[in-house]
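**Student:** Could you have a look at this structure, given as structure tokens, before my questions?
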Amino acid sequence: MKFEKYNISQEIKNNLNAIGFLRTTDIQFKTIPAIMNGEDVLAIAQTGTGKTAAFAIPIINQIHEQKHAQRNKGITCLVMVPTRELAKQIGQVFSQLSKNTKATSYAIYGGVEQDPQIEQLTGGVDILIATPGRMFDLISQEYIDVSHVKVIVLDEADHMLDLGFIEDIKSIKHKLKQRHQTLFFSATINPVIKKLAYSQIKSSALRIQVSPENLVSKNITHYITKIALDDKRHLLVDFLNANPESKVIAFTRTQVRAERVLSHLIKNNIEAVNIHGGMPQTEREKSLEDFRNKKQGVLIATDISARGIDLPGITHVINYDLPDAPENYVHRVGRTGRGFAKGDAISFCCPEEDQKLSLIESLIQTTIPVIDLQGKLQDNLSQVDLESMDVSDIIAHEESRFEKPRKLKRKK
């Protein structure tokens, strides 16, 4: 459906048109009317499907219309997110969509000086995007008043609740003076977390759940390559050398491993940057900006960048280490194949990670194809030069070796 047909302000329609948003995605089509009607929403949708705009558009429109009729009493919408990078990114989306409207927004997060944030808050803001730590610090210092909040949004809701923020969310709700709307958005959710989420939604409200048939987008070709733990760094170098025009995020399990992988790439004359929770916020932001502004390159990251971060032009995601939490596989590979783009995801799986692989396949209810990429990406498949092939071509070639195309079976 075209945004032009929605009953939203012309200013918002102009902003959507300016950034190339002409039609709704499925998640936007199903949730925007419900949010505009004041319903509580639990929305589960694949990564890269426009979840942020799904809640930002109706929230901005509501505030814009209300401020025509009356003066705002302070923060009326609170958006809680798990990471600093996601807070900054969502803040930018709200800023883009609210241009020339009466709605104001601001993002706060830790790792930076709080004084500029306090100054901005003192000047007044309608929509506050925040990480819990910095938000509660400023609430305790009485720089933030949430008593007039009408809408609470949890983005990456499963992660927020899994981190134990449920009591913090309850404490926020206890401070509210009026009836409020609660919105939960995520790409994955398990039964335990879903129960926690439902406990915070009005029992009388219409509950909406947009659940994808496949957790991994059809735009993403993903597969496993079996490899010894000590050989991963060599395979990564081989892959990057064979794909010099690619834009890659490689995910590691720990901060230490991220640093080691970065050092190994630099030793092999491959330019790369990294990002993890042990870095100062200014360095994290610089790494993301450097990577964002390049047509090709390599970002070594921990799961701090697995959720929600929208980096344009990612051609490949490499799970250098399989994630400890199977849900993070979905979030990681979702950094590519976003919107209408295609993308490839490769997982380096050593024998020690076979159990993690089983949990991932159980979650996504799919057996991930296995292709042997060792030996500098030359596995001698009928002497084909795999270095000139992308992931989808390799899979198509492997399937063509059989009389009838069939799903690849995992090698034992």
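**Student:** Since residue 5 meets every condition but one in (1) surrounded by fewer than 19 Cβ atoms within 10 Å (Cβ to Cβ); (2) of a type in the set (Lys, Arg); (3) within 30 Å of residue 328 (Cα to Cα), which condition does it not meet?
**Tutor:** (3)
**Student:** Which ones in region 97-136 are in a helix (DSSP H, G or I) and under 25 Å from the mean Cα position of the chain (by Cα)?
**Tutor:** Within region 97-136, 97, 117, 132, 133, 134, 135, 136 qualify.
**Student:** Follow-up. Can you tell me how many residues within region 1-23 are without any contact (Cβ under 8 Å) to a residue 24 or more places away in the chain and not in a helix (DSSP H, G or I)?
**Tutor:** 4
**Student:** Might you let me know whether region 60-74 holds any residue that is closer than 28 Å to residue 312 by Cα, assigned by TED's automatic domain parsing to the domain that holds residue 146, crowded, with 22+ Cβ neighbours inside 10 Å and touching a helix residue (DSSP H, G or I) at 6+ places or on another chain (Cβ under 8 Å)?
**Tutor:** Checking region 60-74: at least one residue is closer than 28 Å to residue 312 by Cα, assigned by TED's automatic domain parsing to the domain that holds residue 146, crowded, with 22+ Cβ neighbours inside 10 Å and touching a helix residue (DSSP H, G or I) at 6+ places or on another chain (Cβ under 8 Å).
**Student:** Residue check, residue 132 against (1) under 19 Å from residue 169 (Cα atoms); (2) modelled with pLDDT under 90; (3) out of contact with any Pro (no Cβ under 9 Å at 6 or more places or on another chain), all met but one. Which one?
**Tutor:** Unmet for residue 132, out of (1) under 19 Å from residue 169 (Cα atoms); (2) modelled with pLDDT under 90; (3) out of contact with any Pro (no Cβ under 9 Å at 6 or more places or on another chain): (3).
**Student:** Another one. Of everything in region 21-37, what is at pLDDT below 90, over 16 Å from residue 98 (Cβ atoms), surrounded by 15 or more Cβ atoms within 10 Å (Cβ to Cβ) and not polar (S, T, N, Q)? Give them in sequence order.
**Tutor:** Those that are at pLDDT below 90, over 16 Å from residue 98 (Cβ atoms), surrounded by 15 or more Cβ atoms within 10 Å (Cβ to Cβ) and not polar (S, T, N, Q): 27, 30.
**Student:** Now for a different question. Return yes or no: is residue 261 assigned by TED's automatic domain parsing to the domain that holds residue 325, touching a His at 6+ places or on another chain (Cβ under 6 Å), among the aliphatic types (A, V, I, L, M) and modelled with pLDDT of 95 or more?
**Tutor:** no
**Student:** For the list (1) farther than 30 Å from residue 274 by Cβ; (2) out of contact with any Pro (no Cβ under 9 Å at 6 or more places or on another chain); (3) not in a strand (DSSP E or B), I need the number of the one condition that residue 42 fails.
**Tutor:** Among (1) farther than 30 Å from residue 274 by Cβ; (2) out of contact with any Pro (no Cβ under 9 Å at 6 or more places or on another chain); (3) not in a strand (DSSP E or B), residue 42 violates only (3).
**Student:** Output the residue which, of all residues in region 86-121 that are β-branched (Val, Ile, Thr) and under 21 Å from residue 304 (Cα atoms), is surrounded by the most Cβ atoms within 10 Å (Cβ to Cβ).
**Tutor:** 108
**Student:** Any chance region 52-70 includes a residue that's among the hydroxyl-bearing types (Ser, Thr, Tyr) and modelled with pLDDT of 95 or more?
**Tutor:** no
**Student:** Within region 105-124, is even one residue closer than 20 Å to residue 283 by Cα and among the charged types (D, E, K, R)?
**Tutor:** yes
**Student:** Would you be able to say whether some residue in region 70-82 is farther than 18 Å from residue 154 by Cα and free of Cβ contacts under 8 Å to residues at least 12 places away in the same chain?
**Tutor:** The answer is yes; a qualifying residue exists.
**Student:** Working only within region 229-259, note down all residues that are touching a residue at least 12 places away in the same chain (Cβ under 8 Å) and charged (D, E, K, R).
**Tutor:** 231, 232, 233, 238, 245, 247, 253, 257, 259
**Student:** How many residues are surrounded by 13 or more Cβ atoms within 10 Å (Cβ to Cβ) and without any contact (Cβ under 8 Å) to a residue 12 or more places away in the chain when one looks only at region 136-146?
**Tutor:** Result for region 136-146: 1.
**Student:** In addition: Being surrounded by 16 or more Cβ atoms within 10 Å (Cβ to Cβ) and among the small types (Gly, Ala, Ser) is the filter here, so list the residues in region 147-173 that pass it.
**Tutor:** 157
**Student:** Report yes if residue 18 is buried (at least 21 other Cβ atoms within 10 Å of the Cβ) and of a type outside the set (Val, Ile, Thr), otherwise no.
**Tutor:** For residue 18, the condition - buried (at least 21 other Cβ atoms within 10 Å of the Cβ) and of a type outside the set (Val, Ile, Thr) - is not met.
**Student:** List every residue pair whose Cβ atoms sit under 7 Å apart, with the two residues 6 or more apart in sequence or on different chains, where the first one lies in region 291-320 and is in the same structural domain as residue 247 (by TED's automatic domain parsing) and the second, anywhere, is in a helix (DSSP H, G or I) and among the β-branched types (Val, Ile, Thr).
**Tutor:** Qualifying pairs under 7 Å: 300/261; 317/333; 320/261.
**Student:** Only one of (1) part of a loop (DSSP other than H, G, I, E, B); (2) touching a residue at least 24 places away in the same chain (Cβ under 8 Å) is not met by residue 56, so which one is it?
**Tutor:** Condition (1) is where residue 56 drops out.
**Student:** Across region 35-49, what is the number of residues that are touching a residue at least 40 places away in the same chain (Cβ under 8 Å) and under 17 Å from residue 65 (Cβ atoms)?
**Tutor:** The qualifying residues number 2.
**Student:** Looking at 337, 297 in this structure, which one is under 23 Å from residue 221 (Cβ atoms) and buried (at least 22 other Cβ atoms within 10 Å of the Cβ)?
**Tutor:** 337
The values are calculated or read from the model by the stated rules, or taken from the named source; none is laboratory data. A quick note: this is a predicted structure, and the numbers were derived from the prediction, not measured. Neighbour counts are summed over all protein chains in view; Cβ atoms, including those assigned to glycine, are modelled from backbone coordinates with ideal geometry.
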